[in-house]
1. So which of LYS86/LYS287; LYS414/LYS466; LYS114/LYS414; LYS144/LYS265; LYS63/LYS449 end up more than 18 Å apart by C-alpha?
2. On average, how much accessible surface per residue is there in region 421-469, in Å², for a 1.4 Å probe, leaving out ligands, DNA and RNA?
3. For the chain, what is the percent of antiparallel DSSP beta bridges, rounded to the nearest 5?
4. Filter the GluC sites (Glu not before Pro) in region 1-44 down to the DSSP loop ones having no more than 11 other Cβ atoms within 10 Å, then list what survives.
5. How many angstrom separate the Cα center of region 15-41 from the Cα center of region 324-348?
6. What do you get when you divide the Cα radius of gyration of the chain by 2.2 N^0.38 Å, with N the number of residues?
7. With viscosity set to 0.692 mPa s and temperature to 37 °C, compute the Stokes-Einstein D of region 6-278, Rh being the Kirkwood radius across alpha carbon pairs; µm²/s, no decimals.
8. Treating cross-link reach as a plain straight distance, find the aspartates and glutamates whose alpha-carbon is under 16 Å from the alpha-carbon of LYS111, omitting any fewer than eight places away in the same chain.
Amino acid sequence: MDLRLHLYNTLTRQKELFKPIKEGEAGIYTCGPTVYHYAHIGNLRTYISEDTFVRALKFFGYKLKRVMNITDVGHLTSDADSGEDKMEVGARREGKSAWDVAKFYTEAFFKDYKSLNCLMPDVLCPATDYIKEMIDMVLVLEKKGYTYSIAGDGVYFDTAKLPDYGKLAGKSHIEGIREGARIEANAGKRGPTDFAVWKFSSAEEHRQMEWDSPWGKGFPGWHMECSAMAVKHLGETIDIHWGGEDHVAIHHTNEIAQSEAATGKTFSNYWMHARFLVMGNLGKMSKSSGDFLTTSSLPERGYDPLVYRYYCLLTHYRKQLEFTWEGVEAAARGLDGLRALAAKVRAEARGAVPAADRSAKYFQDFMSALADDVNMPAALAVLWETLRDNSLPAPQRLAFALAAEEVTALDLFKAEEEAALPPELAALIAEREAARKAKDFKRSDELRKALSDKGILIEDTPKGTKWKLSRG
Ligand code: AMP
Ligand code: ZN
């Protein structure tokens, strides 16, 4: 059984053993949301996939630095550098300033993100805070001869100057684009795959978001933000870059081109992409048309948002997932069942929570599923089987479930926690609370220790004493 982490690298088109730049550490860059509208459940599938991967890395003991950008400028309505800036479109639609639109939808995004138990990145960077870094990178590209200007339009990256341009998407794909079939024509471009690194503000139209630059007033090309911010926070070569599959051919291809042209180094060693959530008979989800399902569609129909997390985890992140409400209903029943099983095991464990036995077969099976390109359907199957296996002592099963929960993040124990606490432990907690109120700190500390030995952690808050199970 190979318990070393392997992941599918889009760049090499195969599963590879993960070898970090620095032993035991990993630097991850994720393309964040474009904040001109709510995130739809498709966007959130990608973030759930990435979050589960991050949690798996932590499970394997890696120390992480995660950076996520927030696209609050420069993403045009067409990926081919034409059309309007999506932020300006959002501002017009809502009668607000582009800055207010960005603030509103950034907050809305993280509310949804957290409701799905996704962990916050270590560094969050709005593109508008990094205009200087982007201009500096364009200047380097210009100095190295990789750019040309189109009057009244912008500064463009000349992709013909980079022999391995398009290596992420593959040669045939790029040749397809070069034949002109896939991209809107832009009369001034030298080649159809060339892309804007800086756009000029038009003289006729007032833009809310624009900056002075060596090329006059303008704004950055969309891809530029990710290159500038990744290099700034993670260095010239990063371990892993994440995103949805739509980014392979244009956005990530162009991030690689401009980063590698500027630094002369490999931009990211591993590229991971989540496949799309598709709506099947419910129609295409499009953020730009505003016709889509958000996470609030779930509580509106009576579902816990974590039902959606569970629904996503039941399909491997590299398989397309077709969304249906029947599927959500089945996932809701599944999650209820898993939570009921977890509560039963915890009741049987009667307060005992030993450290999880990492050498046990079920633990190894779980790790092996994670090690195999984060195979969550397989990992969840191990969790189900282990919780059901009455031949294993309940405290051991409980300890495993608590450890697995660090990756699955399905709140397996939350709802039942209070109710399922054995009465003798509830009595100890009450006794400690009384001792604390009576300022008998010696007794209160003794009781805290007694509870801790039984796997209950006590926390005193201004609203009273809270407790939780310690993670074994
Ligand atoms: P955006 O906010 O449009 O910049 O997209 C945010 C993330 O969602 C990106 O990583 C996209 O690749 C991803 N994404 C967009 N549509 C879908 C979809 N239908 N399914 C899964 N991921 C998606
Ligand atoms: Zn990006």
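1. Result: LYS63/LYS449 exceed 18 Å.
2. Details: 3140 Å² over 49 residues.
For region 421-469, the solvent-accessible area averages 64 Å² per residue.
3. Working: 24 of 47 bridges.
That works out to approximately 50 percent antiparallel.
4. On the way: sites: GLU16, GLU23, GLU25; in loops: GLU23.
Those that pass, being in a loop and sparsely packed, are GLU23.
5. The two parts, judged by their Cα centres, are 29 Å apart.
6. On the way: Rg = 25.3 Å, N = 472, 2.2 N^0.38 = 22.8 Å.
The value comes to 1.11.
7. Values: Rh = 19.1 Å.
Here the translational diffusion coefficient equals 172 µm²/s.
8. Excluding near neighbours in sequence, the set is ASP51, GLU300, ASP304.
The values are calculated or read from the model by the stated rules, or taken from the named source; none is laboratory data. What you see is a predicted model, and the numbers here were worked out from it, not measured in a lab. All Cβ positions, even for glycine, are placed from backbone atoms using ideal geometry, and neighbour counts span all protein chains on display. Just the protein is used for accessible areas: all its heavy atoms, side chains included, with ligands, DNA and RNA removed. Shrake-Rupley method; radii C 1.70, N 1.55, O 1.52, S 1.80 Å.
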